[in-house]
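These notes are about the structure you will find just below.
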Amino acid sequence: MVVLSACTPTVDSRQHATPPSDGAAPSTGASGGGPPCTPSVDTLPAPPAGYRLVGKDVAVPDALVISTEDSGETDPAARLFAKWGLVVRAGAVVDLRVAPGWQDRARLGWGGTGTPAATVTVHACAPEGGQAQWMAFVGGTWLAQAACVPLIVTSNGQDDPVDLGIGVPCDKTTTP
């Protein structure tokens with residue numbers, strides 16, 4: 001069993017990515033000329049236990065509360081960090097964004113792809129040999145203060161909302 005919250009990348013996922021010094025471009029995987037692949041940390045046959053599907057292509061933690069720590073970021077909207085693994089169907093390109101009204105309170109990022117942002121695109125290139133059906137990415141959510149954070153996952157033209165309890169549980173009786 002893979003426990004994504006315990007995955008530790010070779011670089012702290014909260015640090016900003018540095019482009020290769022030799023000018024090499026990120027791999028585009030089997031898609032050839034498509035968008036660059038987001039660096040994954042694992043390949044999986046299915047989303048792991050403790051994860052729930054959002055739409056058909058994304059799985060997020062099913063935990064009541066995802067713990068936070070001080071991020072070290074200077075952006076007030078990114079004062080805290082909640083590390084959690086994102087699981088995406090191999091071959092899928094998905095957009096994740098904080099819901100309208102939350103752009104000044106939360107940021108997202110996976111795969112060491114750069115600065116935390118209100119919208120992130122993850123390109124889960126199929127691995128060599130195409131055996132895995134799901135790809136795991138290290139990253140998480142930065143936010144100003146603990147909250148039930150509403151996210152929107154877009155894949156195959158469909159928007160799917162999901163609420164994550166970051167530092168506090170989501171109240172299931174109200175919408176944030």
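Computed values, structure above
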quantity: For GLN103, net neighbour charge (Lys/Arg +1, Asp/Glu -1) across residues whose Cβ lies under 13 Å away; calculated: +1
quantity: Added length on full extension, which subtracts the Cα-Cα distance from 0.36 nm per residue, ALA144 to GLN103; calculated: 13.7 nm
quantity: Inter-label distance, nm, simple model (7 Å from Cα along the C-beta direction), GLN158/ASP75; calculated: 3.0
quantity: Label-point gap, in nm, between VAL168 and VAL65 - each point 7 angstrom along Cα→Cβ; calculated: 1.1
quantity: Sequence-distant residues sharing a close amide H with ALA92 (under 5 Å, placed H); calculated: ALA124
quantity: Listed residues VAL93, GLY109, ALA82: farthest to the positive end of the dipole of the range 65-121 (Cβ charges); calculated: VAL93
quantity: In sequence order, calculated HN-Hα J values of the range 57-67 (Karplus, 6.51, -1.76, 1.60; Hz; x Gly/Pro); calculated: 10, 9, 10, 10, x, 9, 5, 4, 9, 9, 6
quantity: Cα extents of the range 67-176 along the three principal axes, largest first (Å); calculated: 42, 32, 20
quantity: Computed FRET value (nearest 0.05) for LYS56 with GLN131, which takes r as the C-beta separation and R₀ as 22 Å; calculated: 0.65
quantity: Around ALA144: net Lys/Arg minus Asp/Glu count, Cβ-Cβ under 13 Å; calculated: -1
quantity: The range 83-145 - Debye-derived log10 I(q)/I(0), Cα point model, q = 0.22, 0.24 Å⁻¹; calculated: -0.87, -0.98
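Taken together, the values in this text are just the output of simple stated rules run on the coordinates, not laboratory data. The model shown is predicted, which means the values in this text are computed figures rather than measured ones. Reconstructed Cβ throughout: ideal geometry from the backbone, glycine too, with neighbour counts over all protein chains shown.
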